[in-house]
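Worksheet for the structure shown next.
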Amino acid sequence: MARIQSGSLSFTVAAQKTLEETQRILVKVAKREHGKVMATAPRPVSFERYVDGRAGAPEEAVKPNGMILYTYPRVEVVAQFAMETLFDLSPVLSGKYRLSHTLFLNGSAVPNLMGFKSGDEATISNPVPYSRKIEVGKMKMRVPGTSMIYAKAAKIVQARYGNIANIGFTYRGLAGGAILAGRAGNKADLRYPVITIKER
């Protein structure tokens, strides 16, 4: 009887040591792989950590058979590339159109996407009155091929980052903008070219 208890106790101690080692290795591997992601371009500017389903808990709180999950919103990187692409494709005369591409987060103009959360939508549009004319090719330009700026940019961004974000092209009104009505006064004049960016 004493030997059985001793054997059972030895087994319990060995099992505890194995569980502790498993938990330690899990934490070590999670931190190592997370470090690799944070050091690899395009580098995420933020992340969320879930330990056994608890947001923000430290890795060390994981159970030996638990899970550590990191999420990395990379929409900021996609939006930056989209802005650079629009800038490069833009026709230049006064420079106003080229410098007026504006970033929006859930419909509000923002300087960056630091406040982006899962489920949010980033958009880019241009509030100058003639941006729609440029997009549809109804504005006479000195350089040929300077129409469909947003449509072309959306395709370029999709080709590069389509694996981490959904990129679309559409026309939308710019609520809260300085332009309240088009010259013709119809609803079509209120819609501007837009690139939409959402997480996959």
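The values are calculated or read from the model by the stated rules, or taken from the named source; none is laboratory data. Keep in mind it's a predicted model, so treat the numbers as computed, not measured. Please note: Cβ atoms are built from the backbone with ideal geometry, for glycine as well, and neighbour counts cover all protein chains shown.
Quick rundown of the values:
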| quantity | calculated |
| --- | --- |
| Residue identified as over 16 Å from Phe81 (Cβ atoms), modelled with pLDDT of 90 or more and of a type in the set (A, V, I, L, M, F, W, C) among Leu103, Leu180, Leu174, Leu99 | Leu99 |
| Conditions (1) buried (at least 17 other Cβ atoms within 10 Å of the Cβ); (2) at pLDDT 90 or above; (3) aromatic (Phe, Trp, Tyr): number failed by Phe87 | (1) |
| Some residue of segment 140-157 being closer than 30 Å to Phe47 by Cα, modelled with pLDDT of 90 or more and under 13 Å from the mean Cα position of the chain (by Cα) | yes |
| Candidate set from segment 110-119 (those that are surrounded by 11 or more Cβ atoms within 10 Å (Cβ to Cβ) and without any contact (Cβ under 8 Å) to a residue 12 or more places away in the chain); member that is nearest to Pro44 (Cα to Cα) | Gly115 |
| Positions within segment 83-105 being free of Cβ contacts under 8 Å to residues at least 24 places away in the same chain and either over 15 Å from Thr196 (Cα atoms) or out of contact with any Phe, Trp or Tyr (no Cβ under 9 Å at 6 or more places or on another chain) (or both), in sequence order | Glu84, Phe87, Asp88, Val92, Ser94, Gly95, Arg98, Leu99, Phe104 |
| Any hit, segment 77-89, residues being assigned to a loop (DSSP other than H, G, I, E, B), farther than 30 Å from Met38 by Cβ and of a type in the set (A, V, I, L, M) | no |
| Residue list for segment 32-59, filter: more than 18 Å from the chain's Cα centre (by Cα) and either exposed (fewer than 13 other Cβ atoms within 10 Å of the Cβ) or in the same structural domain as Asn112 (by TED's automatic domain parsing) (or both) | Arg32, Glu33, Gly35, Lys36, Gly53, Arg54, Ala55, Gly56, Pro58 |
